[in-house]
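In what follows, a structure is listed as structure tokens, so that the remarks can point back to it.
The values are calculated or read from the model by the stated rules, or taken from the named source; none is laboratory data. None of these values were measured; they are calculated from a predicted model. Using ideal geometry, Cβ is built from the backbone for each residue, glycine included, and neighbour counts are taken over all protein chains shown. Side chains included, ligands, DNA and RNA excluded: accessible areas come from the protein's heavy atoms. Shrake-Rupley method; radii C 1.70, N 1.55, O 1.52, S 1.80 Å.
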Amino acid sequence: MLNPNILARTAINKTGNLLLSPPIGGFGHFRNHGPRTQRKIALTFDDGPSRPCTEELVAVMDEMNVKGTFFCVGFNVGVHPDLTRRMFDTGHVIGNHSQFHRRSGSLKPGGDGQHIDESERVIREVIGCRPRLYRPPWGWLTPWEAARLAQRGYTIIGWDVYTIDWQMPEPDGLQVAKKAIKDTQPGSILLFHDGLAMQTNWSKKETTRAIRHMIPALRAQGYEFVTVPELLGIPAYDLG
Ligand SMILES: [Zn+2]
């Protein structure tokens, strides 16, 4: 017999994803892609940094001369400050993905935005400047969370190419790459994961494999890889 609790949770998640997540949710507050007129695209990674996953992924991207945009969990940044700093120093963009990767921060109409500010503080301590890009955990964005982020000067980044690389066990990297390549169009923002929420040590070989496969394949189609701020023509940080 089907478990009513699981059914209820599935229904809530599906409704939440539809109303609150990209590509159609979020009440118009997400930037889901760049201009459709240029073959420029951005790779984004959520839920890190973690070891060895982020380290292996960044090594492959550096070797292929592609810079990514990483939406980092503040807690993980606190555990891996050296890795975060190295990514920042080598041109990868560090964005905010909340302090503890909880949905409740976005869903609560009241509240003080501590989940945003705490992560911002940790990131700022490590890289020396304030991030201006935010992606909400689970991609769940409410109008009141959007207002809190706007007040703080954040641009809220979604995606238009969704991958299932977050699933466990890890789906085959080549299949993930194949689907992402098919879905990519000029201006696309692609969603991947370089960790699992609140795991600071994690192995994720298939995402790295997918990226290694995709970069040359999309370049052969004339695509250029840029960071999200480059794609959208917006600043990545407050330098003051
Ligand atoms: Zn996430």
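What the table below lists for this structure:
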read-out	value
Top-ranked residue in the stretch 100-110 [being touching a residue at least 12 places away in the same chain (Cβ under 8 Å) and not charged (D, E, K, R); ranked as most open to solvent (accessible area, probe 1.4 Å)]	Pro109
Identity of the residue in the stretch 138-152, out of contact with any Lys or Arg (no Cβ under 6 Å at 6 or more places or on another chain) and open to solvent by less than 40 Å² (accessible area, probe 1.4 Å), that ends up nearest to the ligand (Cβ to nearest atom)	Gly139
Identity of the residue in the stretch 1-39, hydroxyl-bearing (Ser, Thr, Tyr) and closer than 30 Å to Gly222 by Cα, that ends up surrounded by the fewest Cβ atoms within 10 Å (Cβ to Cβ)	Thr37
Where Gly113 falls short, out of the listed (1) open to solvent by 10 Å² or more (accessible area, probe 1.4 Å); (2) away from the ligand (no atom under 16 Å from the Cβ)	(1)
When residues of the stretch 63-79 are limited to those that are in contact with a helix residue (DSSP H, G or I) (Cβ under 8 Å, 6 or more places away or on another chain) and open to solvent by less than 10 Å² (accessible area, probe 1.4 Å), the one farthest from Pro137 (Cα to Cα)	Val66
Selection from the stretch 96-153 of residues that are assigned to a loop (DSSP other than H, G, I, E, B) and within 17 Å of Pro235 (Cβ to Cβ)	Gly128, Cys129, Arg132, Arg135, Arg152, Gly153
Of the criteria (1) out of contact with any Lys or Arg (no Cβ under 9 Å at 6 or more places or on another chain); (2) assigned to a loop (DSSP other than H, G, I, E, B); (3) within 15 Å of the ligand (Cβ to nearest atom); (4) under 20 Å from Leu20 (Cα atoms), which one Ile164 fails	(1)
Of the criteria (1) surrounded by 24 or more Cβ atoms within 10 Å (Cβ to Cβ); (2) closer than 22 Å to Met198 by Cβ, which one Leu43 fails	(2)
Those residues of the stretch 31-55 which are in contact with a helix residue (DSSP H, G or I) (Cβ under 8 Å, 6 or more places away or on another chain) and either within 15 Å of the ligand (Cβ to nearest atom) or of a type in the set (A, V, I, L, M, F, W, C) (or both), in sequence order	Ile41, Ala42, Leu43, Thr44, Phe45, Asp47, Gly48, Pro49, Ser50, Cys53, Thr54
Filtered residues of the stretch 158-188 (kept if at pLDDT 95 or above, open to solvent by 70 Å² or more (accessible area, probe 1.4 Å) and touching a strand residue (DSSP E or B) at 6+ places or on another chain (Cβ under 7 Å))	Tyr162
